[in-house]
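Colleague: Dropping the structure in here first, questions after.
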Amino acid sequence: MQGEPLLTPAEMGRADALTIAGGIPGERLMENAGYAVADVICARFSQGTRAVVLCGMGNNGGDGFVIARVLKQRGFAVRVALALPEGMTARDLKGDAAGAERAWRGETLPATPDLFAGATVIVDALYGAGLSRDVSGRDAELIAAVNIARSNGAHVYAVDLPSGIDGRTGVVRGTAIIADETVTFFRRKPGHLLLPGRTHCGRVRLAQIGIAPRVLAEISPATVANGPELWAECWPEAAVDSHKYSRGAALVASGPLTSCGAARLAAEAALRAGAGIVTVATPPDAVATVAAWRAAFVVKQFADMMELATLLGEPRLRAAVLGPGLGLGDDVWPAIGTALKGTMALVLDADAITQASRRPDEAFALIKAREGDVVLTPHEGEFGRLFPDIDGSKLDRARAAAVRSGAVVLLKGPDTVIAHPDGRAAINENGTAALATAGSGDVLAGIIGGLLAAGRPAFEAAALAVWMHGEAGRIAGPGSLADEIAFALRGVLAAGCPAVKAPVEESAEDNVLATD
């Protein structure tokens, strides 16, 4: 799958193992990791800085001992706070971590909460990304002490992932360190992007430590970060000889006058995002209002849902957006069902999701039987109604919902996840608080509809739409209304498709790439 791969802790462990089997010793990888973190620290702080390195008993702790040694060599005043289970000592460390501890020639103290007071720099090398249990007892007290020291001015660097964050799910396992910066290795993990993990990481830096990108072919990761590597070829740029029908026709179904604003927002976004022509189908009482909103809309009225079903049968339509303000009455479902029996691509949002949640078996059977793509766009509340028995992490839930429904599922939020029934998934990271406003989701549904009308595949269209939506929110800025977010799509498109990152070279062992 195209895109920047995100590796689960298990997949990262396999990348390490494949690299070691290929002839690069684990000790070398640990040295490279430690130097990468130390280099980041030394770029900001100078000789004489007081630093405390909190080490656990695993390889993350081994990285910490390397960091401590390098910082001491560069003139930092360094102490290691070693957190081991009761009754254990440094002699009980195993493997490469034991070797890193032996190479450390500085002060090592049993980790206690008071050790972090007065430190300018704290390095969190307690757990890393592989944590799969809740933190409690003494380690929870240490994490609390680090967070207190940070609130008092210490700068906290996390090695791989802040301790207490599950690298696979982003979940806080009991309690977690809040870092100012996180340095991770080879590839980021889902926990760097999923909430609440993302809010604990601070600035994330990616360091290459000698693991060759070719190992990804054997690992075959199924999760990527949502970015241009995934959808650059789908960027909405019309050919010079295109016309409105070659760009694609879309329909947005509106509710009555009191709720037609949602459809108007979706229709405008669909036009701006790539559809050549957008029809708004509306009840008679909303015709004048919808027509006055944008002269570019084609407005067609329907007296009842049977007439809407007829409009949805228009052969030129490539995509339809159903749900924003459409209505919750029992008479609405037959029109949705008719659309599901057609071949056009569909976005089922808002009221359409609620309608489907009342008859999920029927809805999912229709989705799986149809030729055209379907994108479901639930927020958390709608997801719970449509998939009440699916639980787990956000990534796991979106994947399971896509398999069950047969649709591309876009589970919305600050860390929106896009999942395909075949197992592919992308995690978005450019959402802003400006998007948390009424009507913003209608804009997103319209963007997806516009891209589908332009012939883009559903998974890539949904992922690109989420990214464009985030960028539009950034451009519109704080205090924006949903119609201003839709208007800001002009700025997103004017800026052009962002550049695809160059592949990481196999020889890069000390390259550190920063992401915010």
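The values are calculated or read from the model by the stated rules, or taken from the named source; none is laboratory data. Since the structure is predicted, the reported quantities are computational estimates derived from the model, not experimental observations. Here the Cβ is made from the backbone with ideal geometry for all residues, glycine too, and neighbour counts use every protein chain on show. What goes into the accessible areas is simple: the full protein's heavy atoms, side chains included, and nothing from ligands, DNA or RNA. Shrake-Rupley method; radii C 1.70, N 1.55, O 1.52, S 1.80 Å.
Colleague: Tell me which residues, restricted to the range 389-413, are charged (D, E, K, R), buried (at least 19 other Cβ atoms within 10 Å of the Cβ) and not in a loop (DSSP other than H, G, I, E, B). Working first, answer last.
Modeller: The first filter runs over the range 389-413 and keeps only residues charged (D, E, K, R), leaving 389, 391, 394, 396-397, 399, 404, 412.
Still in the running and buried (at least 19 other Cβ atoms within 10 Å of the Cβ): 394, 397, 399, 412.
Lys394, Arg397, Arg399, listed by residue number.
Colleague: Let me ask another. Being among the β-branched types (Val, Ile, Thr) and either over 17 Å from Ala425 (Cα atoms) or assigned to a helix (DSSP H, G or I) (or both) is the filter here, so list the residues in the range 5-21 that pass it. Give the steps one after another, and end with the answer.
Modeller: Step one: of the range 5-21, the residues among the β-branched types (Val, Ile, Thr) are 8, 19-20.
Within the range 5-21, Thr19, Ile20 meet the criteria.
Colleague: Suppose we keep only residues that are without any contact (Cβ under 8 Å) to a residue 60 or more places away in the chain and surrounded by 20 or more Cβ atoms within 10 Å (Cβ to Cβ) within the range 104-130. Which one would you say is farthest from Phe76 (Cα to Cα)? Spell out the reasoning first.
Modeller: First, the residues of the range 104-130 that are without any contact (Cβ under 8 Å) to a residue 60 or more places away in the chain: 104-114, 117.
Now drop any that are not surrounded by 20 or more Cβ atoms within 10 Å (Cβ to Cβ), which leaves 104, 111.
Numbers: Trp104: 14, Ala111: 19 Å.
Per the stated criteria, the residue is Ala111.
Colleague: What strands (runs of 3 or more DSSP E) completely inside the range 22-140 contain at least 2 residues that are more than 30 Å from the chain's Cα centre (by Cα)? Write out each step before concluding.
Modeller: On the way: elements: 50-55, 77-82, 107-110, 121-125.
Output list reads 50-55, 77-82, 107-110.
Colleague: Among the numbered criteria (1) at pLDDT 95 or above; (2) not in a loop (DSSP other than H, G, I, E, B), which single criterion is violated by Leu513?
Modeller: (1)
Colleague: Also, I was wondering about something else. Please work out which residue is most open to solvent (accessible area, probe 1.4 Å), limiting yourself to the range 414-454 and to residues that are under 13 Å from Gly470 (Cβ atoms), outside any helix (DSSP H, G or I) and not hydrophobic (A, V, I, L, M, F, W, C).
Modeller: Pro414
Colleague: Of the residues Ala263, Ala320, which single one is open to solvent by less than 20 Å² (accessible area, probe 1.4 Å), in contact (Cβ under 8 Å) with a residue 40 or more places away in the chain and part of a helix (DSSP H, G or I)?
Modeller: Answer to the selection: Ala263.
Colleague: So, in the range 292-303, how many residues would count as being modelled with pLDDT under 95, surrounded by fewer than 17 Cβ atoms within 10 Å (Cβ to Cβ) and not small (Gly, Ala, Ser)?
Modeller: Here the count works out to 1.
Colleague: How about the range 335-352: which of its residues are assigned to a strand (DSSP E or B) and either without any contact (Cβ under 8 Å) to a residue 12 or more places away in the chain or of a type in the set (Val, Ile, Thr) (or both)?
Modeller: Going residue by residue through the range 335-352, those that are assigned to a strand (DSSP E or B) are 345-348.
Listed by number, the list holds a single entry, Val347.
Colleague: When residues of the range 183-226 are filtered for being under 23 Å from Arg28 (Cα atoms) and in contact with a Gly (Cβ under 6 Å, 6 or more places away or on another chain), how many remain?
Modeller: Kept after step one, since they are under 23 Å from Arg28 (Cα atoms), are these residues of the range 183-226: 183-189, 204-219.
Among the residues that remain, those that are also in contact with a Gly (Cβ under 6 Å, 6 or more places away or on another chain) are: 189.
The number of residues fulfilling the criteria is 1.
Colleague: Evaluate the range 369-388: report whether one residue or more is more than 22 Å from Trp333 (Cβ to Cβ), open to solvent by 10 Å² or more (accessible area, probe 1.4 Å), of a type in the set (D, E, K, R) and in a loop (DSSP other than H, G, I, E, B).
Modeller: Just the residues of the range 369-388 that are more than 22 Å from Trp333 (Cβ to Cβ), to begin with: 380.
Cutting the leftovers down to open to solvent by 10 Å² or more (accessible area, probe 1.4 Å) gives us 380.
Among the residues that remain, those that are also of a type in the set (D, E, K, R) are: 380.
Within this subset, residues satisfying the condition of being in a loop (DSSP other than H, G, I, E, B) are none.
Looking for residues that are more than 22 Å from Trp333 (Cβ to Cβ), open to solvent by 10 Å² or more (accessible area, probe 1.4 Å), of a type in the set (D, E, K, R) and in a loop (DSSP other than H, G, I, E, B), one finds none in the range 369-388, hence no.
Here is a yes/no grid of residues against (1) more than 26 Å from Lys341 (Cα to Cα); (2) open to solvent by 20 Å² or more (accessible area, probe 1.4 Å):
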position: Ala269; (1), (2): no, no
position: Gly274; (1), (2): no, no
position: Val278; (1), (2): no, no
position: Val290; (1), (2): yes, no
position: Gly313; (1), (2): no, yes
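Colleague: Let me ask something else. Let me confirm something: among Ala158, Ala149, Ala144, which residue is open to solvent by 20 Å² or more (accessible area, probe 1.4 Å), at pLDDT 95 or above and not in a loop (DSSP other than H, G, I, E, B)? Talk me through it step by step, then tell me what you get.
Modeller: On the way: Ala158 fails: open to solvent by 20 Å² or more (accessible area, probe 1.4 Å); Ala149 fails: open to solvent by 20 Å² or more (accessible area, probe 1.4 Å).
Unique residue meeting the criteria: Ala144.
Colleague: Right, here's the next one. Please go through the range 161-193 and give me each residue that is among the aliphatic types (A, V, I, L, M) and open to solvent by 10 Å² or more (accessible area, probe 1.4 Å), ordered by number. Please lay out each step first, then the result.
Modeller: Initially, the range 161-193 is screened for residues among the aliphatic types (A, V, I, L, M), giving 161, 165, 171-172, 176-179, 183, 193.
Within the range 161-193, Val171, Val172, Ile178 qualify.
Colleague: Going by the structure shown, is Gly75 farther than 18 Å from Asp124 by Cα and touching a residue at least 40 places away in the same chain (Cβ under 8 Å)? If you could, list the steps in order and put the result at the bottom.
Modeller: Details: farther than 18 Å from Asp124 by Cα: yes; touching a residue at least 40 places away in the same chain (Cβ under 8 Å): no.
Judged against the criteria, Gly75 is not a match.
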